[in-house]
Structures are given as C-alpha cells and as structure tokens.
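Trainee: Shown below is the structure under consideration.
Every read-out reported here was derived from the displayed coordinates using simple, explicitly stated rules and does not represent laboratory data. Every value quoted in this text rests on a predicted model; they were computed, and no experiment measured them. Methodologically, a virtual Cβ is constructed for each residue, glycine included, from the backbone with ideal geometry; neighbour enumeration extends over all protein chains shown.
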Amino acid sequence: MNAVETKNLTYKYSVGTPFETTAVDDVNVTIEKGEFVGIIGHTGSGKSTLIQHLNGLLKQTSGDVIINGRNIWSKDVNIRDIRFEVGLVFQYSEHQLFEETVYKDIAFGPKNMDLSPEEVDKRVREAAASMGITDDMLERSPFDLSGGQKRRVALAGVIAMEPQILILDEPAAGLDPIGRDTVLEKISEYHKNSGTTILLVSHSMEDIVKYAGKVLVMNRGRLFCYESVDNVFSKSKEIQMIGLDVPQITRLSLMLKEHGVDLGDDIYTIERAKQRLIEQIKGKQEC
C-alpha cells in the first residue's frame, strides 16, 4: 500500500474573484511507505500548499488525496484521525511551544489522543530520546533552551503522536550550522529506526541530496518531476532554468564540463566528484 497518493490534485485561491490563482495544478504523485522524499521548488511553486493538503489543512478544489489507501475527504473517514496519521511540522515550529515544561509540551499531542497516562509517558520519553532530549531537559522550561533544542522539542511533540507520515517544512530554517546539522541528523536517525515515511521540504540542495532517496520538484504549481536523486540532479540545467539552485559541487562539475573535463551528469556530492576525478587521472596515467 502507498503512503501518499494524489490524483489530479488542484487547488485554487480566491475562486470566483478577480484574484483567483491556481496554486497547485493537476498534481499526480505516489509516495511509497517508508520513503524519505525531498520536496523542492522556487518560492511560490506550490510546495507548501501541496503538503497542507496531505493532512487536510487545505481541501482541494478538485482531485483526490489518498493517505494509506483512504480518500481523506470520504464520508467514512474522520479527518481528525488523518491528522494523527500525518504529522505536519511548519517552519519555526518552536513558536508553537507554550507549556511550563518540555515534558508537558511533548505530551500535549498524545494526551489529545485519549491515551492512557502510561502510554503518554512512554511516548514522551521515546520521542524525546529520538530527538536527543535528555531526561533532565524534560523538566526545564522550553523557553530556557537554545534555538536548536527548542526545534527538537517541537519535533518530538509531533513524533510522540507516532504519525505514519511525517512532513517537515524547512525544519532547520534559521538555525546555526551546528543546530542545523543536529536537527537533520536526528530526523535521519528517526527515519532509519522507525521506518516512518518522511517528506522534507527544503531550499538546501545539499540537505536534500544528503538525506533524501527521492526528490519531488514543483514548478509554478505543477509537478516538474518526481524521481530518484540521481535522475533529478542529472537534470541540473533544467532545474536551474526553473529558478532552482543545485549543489555547489554540481555547479563546479558543469563548469569543468565546459572546459573539457566531463565528470558525468550525476555529480551532486563531493565524494562522487572525487571518485570520478581519480578515475580520470588514473585513466590518463595508464595511457
């Protein structure tokens, strides 16, 4: 069974007014369970609007959204249940923290699921551990923590509800390099340990190629492509033409190609570029 499927998904703002705008236009995509998908697109491409459909925050103008085999707007489906199945974490999620202690903040979601106190406690501690939040931090005020720690507390609050699908909208935005790396590494570890389907929206191509297995590219409300990382970044020139950046090493590879050094069209990591350069050097030495 697929985790996410959209069929001819279209969403329009301000329908019937002079300001009517199509934000998502006839998007068809299928995401399998357990995948780690990167979502990229220029500002206004429709990526944020798209993800808000996946747990029912927005209702499509036309088309269908299917989560774990169920059309989320069918009469026999409780949208509240879908929102527990699909966890959505917005940018600067720490702004949603409000409780007296870290423990209470993480526990807020599970408590609203009508779970037993024992189950709530179990989930809080497991979610906290997955985000690197120690037991002594649980009794502290979330407002006494660093920016990166607050972000991880907010993530733990969603993870504690044990969503089958976790959607992250720029989860490391605004953090310093150490905090950014910590948050993303914890998300990656959580994916490996839990098998949860993860959708990561990011403007950082380096982050996408480091963590994602597939990449979904949006352009002007439409699906530009949804393929493996290799296939997507083999379209580097097309990606740049629609206003997106590519990893620095990819840009360097394209520049080298223009000067007669062809490393291939699938260079998006330093390690791969290094290996191709070594191969070329060895080949010339053997000649």
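Trainee: State the Cα centre-to-centre distance between the range 181-252 and the range 1-58 in whole Å.
Mentor: For the range 181-252 versus the range 1-58, the Cα centre distance is 17 Å.
Trainee: Given the options His95, Leu216, Leu256, identify the residue whose Cα lies farthest towards the positive end of the charge dipole of the chain (+1 on Cβ of Lys, Arg; -1 on Cβ of Asp, Glu).
Mentor: Selected residue: Leu256.
Trainee: Expressed in whole Å with the largest first, what are the equivalent ellipsoid semi-axes of the range 1-135 derived from the C-alpha gyration tensor as the square root of 5 times each eigenvalue?
Mentor: Working from the Cα gyration tensor, I get semi-axes of 31, 18, 15 Å.
Trainee: Still on this structure: Using a Gaussian network model of the chain with C-alpha springs under 10 Å, which one of Asp136, Asp265, Asp105 is most mobile by mean-square fluctuation?
Mentor: Among Asp136, Asp265, Asp105, the largest GNM mean-square fluctuation belongs to Asp136.
Trainee: Could you sort the peptides 30-36, 120-126 by per-residue average Cβ neighbour count (10 Å cutoff), highest mean leading?
Mentor: 120-126, 30-36
Trainee: Starting from the Cα-Cα distance between Gln280 and Asp26, subtract it from 0.36 nm times their residue separation and give me the gain in nm to one decimal.
Mentor: 87.0 nm
Trainee: Right, something else. What is the set of long-range amide H partners of Thr197 at a cut-off below 5 Å, with H atoms built 1.01 Å from backbone N?
Mentor: Gly34, Leu166
Trainee: Along Cα→Cβ, 7 Å out, is where each label goes; now give me the distance between the ones at Ile270 and Ser146 in nm to one decimal.
Mentor: 2.2
Trainee: Still on this structure, please answer the following. Taking the Cα centre of the range 1-120 as origin, work out the dipole magnitude from +1 charges on Lys and Arg Cβ and -1 charges on Asp and Glu Cβ, in debye rounded to 20.
Mentor: Charge dipole, the range 1-120, about its Cα centre: 380 debye, nearest 20.
Trainee: On to the next question. Normalised by the number of residues in the chain, what is the relative contact order in percent for Cα pairs under 8 Å and 6+ residues apart?
Mentor: Relative CO of the chain lands at 21 percent.
Trainee: Putting +1 on Lys and Arg Cβ atoms and -1 on Asp and Glu Cβ atoms, find which of Met131, Leu277, Ile51 reaches farthest to the positive end of the dipole of the chain.
Mentor: Projecting each Cα onto the dipole axis, the largest value belongs to Leu277.
Trainee: Can you work out the PRE-style zone for Arg83? Point 7 Å along Cα to Cβ, and I want the residues of the range 95-138 with backbone N under 19 Å.
Mentor: From the range 95-138, the list is 95-99, 105-115.
Trainee: So, one more: For the chain, what is the calculated [θ] at 222 nm in deg cm²/dmol (nearest 500), taking -39500 (n - 2.57) for each run of four or more DSSP H residues and dividing by its residue count?
Mentor: -12000 deg cm²/dmol
Trainee: Using modelled backbone amide H atoms (1.01 Å from N, in-plane), which distant-in-sequence or interchain residues come within less than 5 Å of Leu88's amide H?
Mentor: HN-HN under 5 Å from Leu88: Ile167.
Trainee: What are the aspartates and glutamates whose alpha-carbon lies under 16 Å from the alpha-carbon of Lys12, with same-chain residues fewer than 8 places away excluded?
Mentor: Within the straight-line limit of under 16 Å, Lys12 reaches these aspartates and glutamates: Glu20, Asp25, Asp26, Asp64.
Trainee: Right, here's the next one. For the pair Ser188/Arg70, report the inter-label distance in nm, with labels modelled 7 Å from Cα in the Cβ direction.
Mentor: For Ser188 paired with Arg70, the spin-label model returns 3.4 nm.
Trainee: Where the only charges are on Cβ atoms (+1 Lys, Arg; -1 Asp, Glu), what is the dipole of the range 2-235 about its Cα centre, to the nearest 20 debye?
Mentor: Rounded to the nearest 20 debye, it is 640 debye.
Trainee: Taking +1 at the Cβ of each Lys and Arg and -1 at the Cβ of each Asp and Glu, which of Val15, Phe36, Ile79 sits farthest along the dipole of the range 1-122 towards its positive end, judged by Cα position relative to the Cα centre?
Mentor: It is Val15.
Trainee: Go through (i) 72, 53, 36; (ii) 53, 38, 36; (iii) 64, 54, 36 and flag the label whose value is the computed Cα extents along the principal axes in Å for this structure.
Mentor: Matching the structure shown: (i).
Trainee: Compute the acute angle (0 to 90°) between the alpha-carbon long axis of helix 248-258 and the principal axis of greatest extent of the alpha-carbon atoms of the chain; round to the nearest 10°.
Mentor: 20
Trainee: Express the relative contact order of the range 136-287 as a whole percentage, based on alpha carbon pairs under 8 Å and six or more residues apart in sequence.
Mentor: 14
Trainee: In this model, which of Lys210/Lys235; Lys33/Lys59; Lys7/Lys235; Lys7/Lys59; Lys150/Lys210 are farther than 20 Å apart at the alpha-carbon?
Mentor: Cα-Cα > 20 Å for Lys33/Lys59; Lys7/Lys235; Lys150/Lys210; rest within.
Trainee: So, one more: Can you sort Ser74, Ser202, Ser194 by how many other beta carbons sit within 10 Å, fewest first?
Mentor: With the sparsest Cβ surroundings first, the list reads Ser74, Ser194, Ser202.
Trainee: Using R₀ = 35 Å, calculate the FRET efficiency as 1/(1 + (r/R₀)^6) where r is the Cβ-Cβ separation of Glu227 and Phe98; round to 0.05.
Mentor: For Glu227 and Phe98, the calculated efficiency is 0.30.
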